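The values are calculated or read from the model by the stated rules, or taken from the named source; none is laboratory data. Every value quoted in this text rests on a predicted model; they were computed, and no experiment measured them. Here the Cβ is made from the backbone with ideal geometry for all residues, glycine too, and neighbour counts use every protein chain on show.
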Amino acid sequence: MNNIPTPNESLRLLRTLDWNLLYLFFVLVEQESFSKTAEKMFLTQPAVSNAIKRLESQLECELIDRSSRSLQLTYWGKKLHEETIEIHGTLLRFANSLHTTTEVLSGHINLCLVTHTVCSIFDDTLSEFHKQHPKATYSIEIVTSELVVKQVKAKTATLGICLMNEKKTELKAELFYQERFGLFCGNKHSLFKKSNISINDIKNETSVSFPTDTLSGPLKSLFELRAAVNISQHKVGTSANLEEVQRMIMANLGIGPLPIHVAQQKVDQGLLRQLPPYKDVPLLDVYLISNPKARLTETEQHFINLLRTNIDKVALKDRIL
């Protein structure tokens, strides 16, 4: 196994390779689980396992490290996954391009956003583009920032909007807007009706937050905020979905961070109250990310160009929410 194939052997492999197995392998790596892959592909777990063994047999190399308890790829498994990312993205973009003509833009735009992306520039761009190109179609998927980056990198998303703790050199990241985060409690909390709340009042309070609210995550500044005011670093509840974090705060599981502009509606309704500190709150950068290596359809390129044009019309100081 792992021998370098001759040109004739490579041609034979191209003729005999079951391309369905490549897609199954791609899904397996993305799902990081045989059971989840089986569920997604409507197969049994043994069927997925046998399919991967057939692929390894056809390629004459091991792809999965079976000595590991978690799904770990071998050297050749990692190399193959890189190639399947390219293949999957290319075929998806080709399928979208089939619906685009030079006369009328009617292709599909895949948008991948973090939870509760609230920005009038983005909303106005969607409205304007639809008015200009009514035959274009859209899909909007709400996932974590990590998955936004992953999908843009895999070329399955036209563009993404997310938080980033470090720039990915292979992606183009443009600062879209900034949002201020504050700490909040629900109306069932003992501090809700207290007057003149100080930092000392929230010391050692239980908290809820986002999974990436860690020292090395994209929400590092929220981790630092909780540490600065001496909130318990043990999070009673976490969710990647902003609405669910808000739900846990209102259910009095603990106090937690929310974008101030998003929470304001619940504050006005008497369901939430902002807690100190009120000044020098964390300011998080939200990025527009795209993949320079992706071969965009004409429809996709027009949409990105329009969004960038609309962003440039607004000074950064006016893009702080």
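Assorted remarks:
- Unmet criterion (only one of (1) in a loop (DSSP other than H, G, I, E, B); (2) buried (at least 17 other Cβ atoms within 10 Å of the Cβ); (3) at pLDDT below 80) for Thr117: (3)
- Considering Thr84, Thr74, the condition of being of a type outside the set (Lys, Arg) and more than 22 Å from Pro292 (Cβ to Cβ) is satisfied by Thr74 alone.
- Residues located in region 245-255, provided they are surrounded by 17 or more Cβ atoms within 10 Å (Cβ to Cβ) and more than 11 Å from His189 (Cβ to Cβ): Val245, Gln246, Met248
- Elements of type helices (runs of 4 or more DSSP H) in region 1-105, at least 1 residues being at pLDDT below 80: 7-16, 75-97
- If the condition is being of a type in the set (S, T, N, Q), more than 19 Å from the chain's Cα centre (by Cα) and either crowded, with 21+ Cβ neighbours inside 10 Å or not in a strand (DSSP E or B) (or both), then region 264-296 contributes Gln264, Gln265, Gln269.
- Among the residues listed as Lys193, Lys153, the single one being in the same structural domain as Leu253 (by TED's automatic domain parsing), out of contact with any strand residue (DSSP E or B) (no Cβ under 8 Å at 6 or more places or on another chain) and surrounded by 19 or more Cβ atoms within 10 Å (Cβ to Cβ): Lys153
- Flag if Arg226 is buried (at least 17 other Cβ atoms within 10 Å of the Cβ) and not in a strand (DSSP E or B): yes
- Residue that is farthest from the chain's Cα centre (by Cα) [pool: residues in region 175-198 that are hydrophobic (A, V, I, L, M, F, W, C) and more than 20 Å from Lys220 (Cα to Cα)]: Ile197
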